Amino acid sequence: MSEAHETLLNLLQVEPLEVDLFRGTGQGGETPTRIFGGQVIGQALAAAYQTVEERLCHSLHAYFIRPGDPETPVIYQVDRARDGGSFTTRRVVAIQKGRQILNMSASFQVDEEGWSHQHAMPQVEGPEELADRETLRATVADRIPEKYHAEFLRPRPIDIREVAPRDFFTPEPADDVNHLWFRMAAAKGISPALQHCLLAYASDMNLLGSSLRPHGQTWFTGQVMSASLDHAIWFHGPAQFSDWHLYTMESPWSGGGRGFNRGMIYNRDGTLIASVAQEGLIRPIKAKS
């Protein structure tokens, strides 16, 4: 297991402080200047899971309230809203420096049988033929200031392979529908609860970018102020994130400085594992006069 893999798995192991009170680290995620949104969701879900027995999360809904500071631990306060015969509900508040940075509600269900159907997985090129993100970033590293090279090129735990990657700095307008494959091989053998936390972490990757595609923008053009505003996940079954999963994303609408995005996560055999929805800030940066 690499250092990057170990860091992420440790990051999702929140520390119990008191009854229904937990602490998570702010460092070690995708971004250095503020805590990656998926990190806070994954830790909040990990805290909720520590108060639930023998049930898996089937849905969560989170609001990002303030940006998180990577240099400060995050405190997670869990409210045991309901323990029912079939469903368990938890509310989690993430706090830094006495202020809320995220509110999340999550629901857990006992294993039940029922009618089943799903939409088919899109047919796209497999991950073996695609370049990973480290390779793609290495090809454009000379286009960013040298002081950012180490952060830009550092190894990351999630292996991402975009089906149709765009130019980082001069992207052409493109269809909002896009696909990537992702996995973390080191996730093999971890608990079903931690698999869900890891999938929650990864579900925040690239999704907001879907709403920038029709407008010929990426995070690297210097023309966009962006932030996740809310995030929802519906887990349709257990995940095995050590295997490749296809993340199919789309953005049916943007306007008012916001972009709405949806995603569907399939495992390699085509089973729909999770559905995701997110709205984010995509505010144009106006040139100073």
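The values are calculated or read from the model by the stated rules, or taken from the named source; none is laboratory data. All figures in this text were calculated on a predicted structure; none of them were measured in a lab. Glycine gets a Cβ as well: all are built from the backbone with ideal geometry, and neighbour counts include every protein chain shown. When the accessible area is computed, the model is the full protein with side chains, heavy atoms only, and any ligands, DNA or RNA have been set aside. Shrake-Rupley method; radii C 1.70, N 1.55, O 1.52, S 1.80 Å.
To the nearest 20 Debye, how big is the dipole of the chain about its Cα centre, given +1 on the beta carbon of each Lys and Arg and -1 on that of each Asp and Glu?
1080
Under the rule of -39500 (n - 2.57) per DSSP H run of 4 or more residues, summed and divided by the residues of the chain, what mean residue ellipticity at 222 nm is obtained, to the nearest 500 deg cm²/dmol?
Result for the chain: -4500 deg cm²/dmol, rounded to the nearest 500.
By accessible area of protein heavy atoms, probe 1.4 Å, what ranking do 181, 115, 219 get, highest first?
115, 219, 181
Sort 169, 220 by accessible area with a 1.4 Å probe, largest first.
Listed by decreasing accessible area, they come as 220, 169.
If amide hydrogens are placed 1.01 Å from N in the peptide plane, which non-local residues have theirs closer than 5 Å to the one on residue 56?
109
Find how many whole Å separate the alpha carbon centroid of the range 250-289 from the alpha carbon centroid of the range 119-184.
16
Using a ≥ b ≥ c from the Cα gyration tensor of the range 54-125 (square roots of the eigenvalues), is it rounded, prolate or oblate, where a/c under 1.5 gives rounded and otherwise the larger of a/b and b/c decides, a/b for prolate?
Oblate, since a/c reaches 1.5 and b/c is not below a/b.
For a quick protection proxy, order the peptides 138-148, 231-241, 74-84 by their average other-Cβ count within 10 Å, most packed first.
Most protected by this proxy first, the peptides run 231-241, 74-84, 138-148.
Using only Cα atoms, find the angle between the long axis of helix 37-49 and the longest principal axis of the chain, and express it within 0 to 90 degrees, rounded to the nearest 10.
10
Let me check against my output: what whole-number percent is the relative contact order of the chain, with C-alpha pairs under 8 Å and at least 6 apart?
It rounds to 18 percent for the chain.
Return the sequence-ordered ³J(HN,Hα) values of the range 196-201 in whole Hz as given by the Karplus equation 6.51 cos²θ - 1.76 cosθ + 1.60 applied to θ = phi - 60°, using x for Gly and Pro.
Residue by residue, the range 196-201 yields 5, 5, 5, 5, 4, 4 Hz.
State whether the range 1-110 is rounded, prolate or oblate according to the following rule on the C-alpha gyration tensor (a ≥ b ≥ c being the square roots of its eigenvalues): a/c under 1.5 gives rounded; otherwise a/b larger than b/c gives prolate, and the remaining case gives oblate.
prolate
From the phi of every residue in the range 271-279, what ³J(HN,Hα) in whole Hz does the Karplus formula 6.51 cos²θ - 1.76 cosθ + 1.60 yield, where θ is phi - 60° and glycine or proline is x?
6, 6, 8, 7, 10, 9, 9, 7, 10
With a 1.4 Å probe and every protein chain left in place, work out the accessible area per residue of the chain in Å², rounded to a whole number.
Averaged over the residues of the chain, the accessible area is 51 Å².
Pull out a ≥ b ≥ c, the square roots of the eigenvalues of the alpha-carbon gyration tensor of the range 134-214, then state rounded if a/c is under 1.5, prolate if not and a/b is larger than b/c, and oblate in the remaining case.
Oblate, because a/c is 1.5 or more while a/b does not exceed b/c.
Hey, what did the range 97-194 get for relative contact order, percent, Cα under 8 Å, at least 6 apart?
Rounded, it is 25 percent for the range 97-194.
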